[in-house]
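Below: one structure, written as structure tokens.
The values are calculated or read from the model by the stated rules, or taken from the named source; none is laboratory data. Quantities reported herein were computed from a predicted structural model and do not represent experimental measurements. When we count neighbours, we look across all protein chains shown, and the Cβ atoms used for this are built from the backbone with ideal geometry, even at glycine. Note: accessible area is taken over every heavy atom of the protein model, side chains too, but ligands, DNA and RNA are not part of it. Shrake-Rupley method; radii C 1.70, N 1.55, O 1.52, S 1.80 Å.
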Amino acid sequence: MTDTRRRVKVYTLNEDRQWDDRGTGHVSSGYVERLKGMSLLVRAESDGSLLLESKINPNTAYQKQQDTLIVWSEAENYDLALSFQEKAGCDEIWEKICQVQGKDPSVDITQDLVDESEEERFDDMSSPGLELPSCELSRLEEVAELVASSLPSPLRREKLALALENEGYIKKLLELFHVCEDLENIEGLHHLYEIIKGIFLLNRTALFEVMFSEECIMDVIGCLEYDPTLSQPRKHREFLTKTAKFKEVIPISDPELKQKIHQTYRVQYIQDMVLPTPSVFEENMLSTLHSFIFFNKVEIVGMLQEDEKFLTDLFAQLTDEATDEEKRQELVNFLKEFCAFSQTLQPQNRDAFFKTLSNMGILPALEVILGMDDTQVRSAATDIFSYLVEYNPSMVREFVMQEAQQNDDVSKKLTEQKITSKDILLINLIIEHMICDTDPELGGAVQLMGLLRTLVDPENMLATANKTEKTEFLGFFYKHCMHVLTAPLLANTTEDKPSKGALRFKRKIIGLKDEFYNRYIMKSFLFEPVVKAFLNNGSRYNLMNSAIIEMFEFIRVEDIKSLTAHVIENYWKALEDVDYVQTFKGLKLRFEQQRERQDNPKLDSMRSILRNHRYRRDARTLEDEEEMWFNTDEDDMEDGEAVVSPSDKTKNDDDIMDPISKFMERKKLKESEEKEVLLKTNLSGRQSPSFKLSLSSGTKTNLTSQSSATSLPGSPGSPGSPGSPGSPGSVPKSTSQPAAITTKGGLVGLVDYPDDDEDDDEDEDKEDTLPVSKKAKFES
């Protein structure tokens, strides 16, 4: 059996003056040849690896604190600590250290901290000890001056601390505190404030153990109430004894644990509320106080974890229906504070802590609590749930999936018995509370939304050889939770007409560019109500009009092939006459290009070869090079041979050039058709002719639109800003607007969209020809 006396935790002090846990192992001492001296060795209990190898330097100051801690500095700004499981082990290692340094093991520090100048050191050597004035009312001012003068010198601080410790001086000072309060001696109380504050800055564990003992701590707090800079003393003791009540929600049988909880709360209160905000200089002198609180918290969490009866009673009362609401609120608040305490622990300690809570059934308990009507209890339970999700979302996912499986099994049996089951899953409770948050600022809803996002985030899901958490959990979520999450959205369309927000939601979905959602949109013909709304909006130039056009423009620009084909195949007849923007004609062009690539894979291959060899050059140069490439003989191509596969070289030139020639003919024909359409549009104005179209979506729905308005862009009567590009509903003022027309390659139009992604650079040239007002409106 392993000797627990030598079992230790290794800690290092980080830049934020917090202790980092470096691991648990067993410490020993021995001669290390490489270091040429006696050293401390700590080997990890998990795998035997070396956690610490530190030579016992004869000049290093080692400190023993709280009977189970040894603290020292390896180098500047690098502090180390060994926390022993048993006092006996700490004493054994301390004796080894003192033996190497030739010190008496009864001391708590092995070396004086010498940072002074040679002159100060010489002066102090002439006086080996520090003599304290007698502890009398008349000499309190002298004591305060002595403490203040000792703080700048590390050696004098050490001598002062030893004198205070050896003479039991602190308890004598506290006796004078009672005398001063009884006599209302304000001057003496002010001196005592300065003295006690200075003792804190001595940074000495042995003094803290005296000051924080049960008999002294309230008097120490009392001394710190009389700050000379304040007109009236503080009332810290009144708050701690009358306002702050310790509620023992579950009886704690261990008196040592109970005393440690009281002590830690009061010391934390001193650090946070009583002591004045320390300066940069004083902050470093309070590091031992931070360490004292830290190690106390570690001990409390450890002692509570080991008390199985305490935790069993806690969770039993939490879930017991007979527990009254006030008692349950106290239990939940205790558990919340318990979890908050754990946040100060290092990762290894937190792992053990949350595993213990998981084994005790914290998640089923939270499910019961979240189902209650008390909002304060639910709020505290939500905070506890957030600790669990942030610590280990996989643990929460595994629980809810197991819960769903158990509910399915139970429901199946009850169905056979014709009994209805109404079990609510934990994650569905979270969703319902998020949706039904009554807080006007939605504070709780925002917190729950963040937790839900963490749980469904695929990036933090595990994948092992046996299972894939992503597949299992997302499948579970869509089956058991998605209907709860989407209920408000579905309620928004109960009357076959969205009451608010539907178009914006759909735009977000399309913006994901996820084919899973795209397939669902196409399968359910979800563009049909959008097209209906667009046509019913008629010639009105409003937010609805702009939002719908932007949605289709996004599909065109991002070249979402599946949605492009779906829109053109099902809704082109309804949209082909919309010519005040080129969005829909651009979509049609995209669709035809896709079809051509599918029909002529050779052509698509050659286009990709060209694209790969163009790099990032001017678009017009690329067009010229493409024409040259088509017209160049094979014998003239030097680099071209490297990109043609051997099988292609054996083919007849006519076989290769035939589809290309057909493509070029169709392209020229198409350009001439577009030229004719755009010329008619710009010369005669945009029209929205009446039409009637039947759409296929299971049941046939007629889309109709009637408009009597004929307009040109830039009219004074347009609801849009002046000069907006072809705003629907405009009334013509003049048909002569040459500055608004761009011309390239025989095409005439207000806004000319590129045929492909390769022509993006041409857009910038075209936009430069637009009037400033029109260009700004279009870009907005």
Once you place label points 7 Å from the Cα toward the Cβ at Ile252 and Arg237, how far apart are they in nm?
2.3
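Could you calculate, for the stretch 135-276, the ratio of the Cα radius of gyration to the Kirkwood radius, expressed as Rg to Rh? Mind showing how you got there, number by number?
Working: Rg = 15.8 Å, Rh = 16.0 Å.
Rounded to two decimals, Rg over Rh is 0.99.
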Counting only protein heavy atoms, what percent of the accessible surface of the stretch 304-389 is carbon or sulfur at a 1.4 Å probe?
44
Amide H partners (placed H, <5 Å) of Lys55, local residues excluded:
Leu40
For a test of the definition: using alpha carbon positions, the gyration tensor, and the 1.5 limit on a/c, classify the stretch 197-283 as rounded, prolate or oblate.
oblate
Step through the table entries Lys172/Lys258; Lys197/Lys247; Lys87/Lys258, compare each Cα-Cα distance with 24 Å, and write down the pairs that go over it.
Lys172/Lys258; Lys197/Lys247
Amide H neighbours of Gln65 under 5 Å, at least 5 residues apart or on other chains, H built in the peptide plane: list them.
Ile70, Val71
Hey, can you find the accessible area per residue of the stretch 164-292 for me, probe 1.4 Å, expressed in square angstrom?
49
Using the Karplus equation 6.51 cos²θ - 1.76 cosθ + 1.60 (θ = phi - 60°), what ³J(HN,Hα) coupling, rounded to whole Hz, does each residue of the stretch 302-317 give in order, writing x for Gly and Pro?
x, 5, 5, 4, 6, 8, 5, 4, 4, 5, 4, 5, 4, 6, 5, 6
For the residue pair Ser46 and Asp313, what label-to-label distance in nm results when each label sits 7 Å from Cα along the Cα-to-beta-carbon direction?
3.4
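Rounded, prolate or oblate: pick one for the stretch 275-402, where a ≥ b ≥ c are the square roots of the eigenvalues of its C-alpha gyration tensor, a/c under 1.5 means rounded, and failing that, prolate if a/b is larger than b/c, else oblate.
Prolate.
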First measure r as the distance between the Cβ atoms of Asn537 and Met395, then evaluate 1/(1 + (r/R0)^6) with R0 = 51 Å and state the FRET efficiency to the nearest 0.05.
0.50
May I ask you to give the percent of accessible area on the stretch 1-81 that is carbon plus sulfur, with a probe radius of 1.4 Å?
42
Efficiency by 1/(1 + (r/R0)^6): what FRET value for Gln268 and Asn359, r their Cβ-Cβ distance, R0 = 30 Å, to the nearest 0.05?
0.55
Taking 0.36 nm per residue of separation between Ile424 and Lys479 and subtracting their Cα-Cα distance, the length gained on full extension comes to 18.4 nm
A convex hull over the alpha carbons of the stretch 282-329 yields, per residue, a volume in Å³ of 85
With just the Cα atoms defining each centre, how far is the stretch 149-202 from the stretch 294-358? Give it in Å.
39
Quick check for you: with a 1.4 Å probe and neighbouring chains kept, what is the accessible area per residue of the stretch 23-79, in Å²?
51
Quick check: from the Cα gyration tensor, does the stretch 428-492 come out rounded (a/c under 1.5), prolate or oblate?
oblate
Each label sits 7 Å from Cα toward the beta-carbon; between Asp351 and Glu215 the label points are separated, in nm, by 4.4
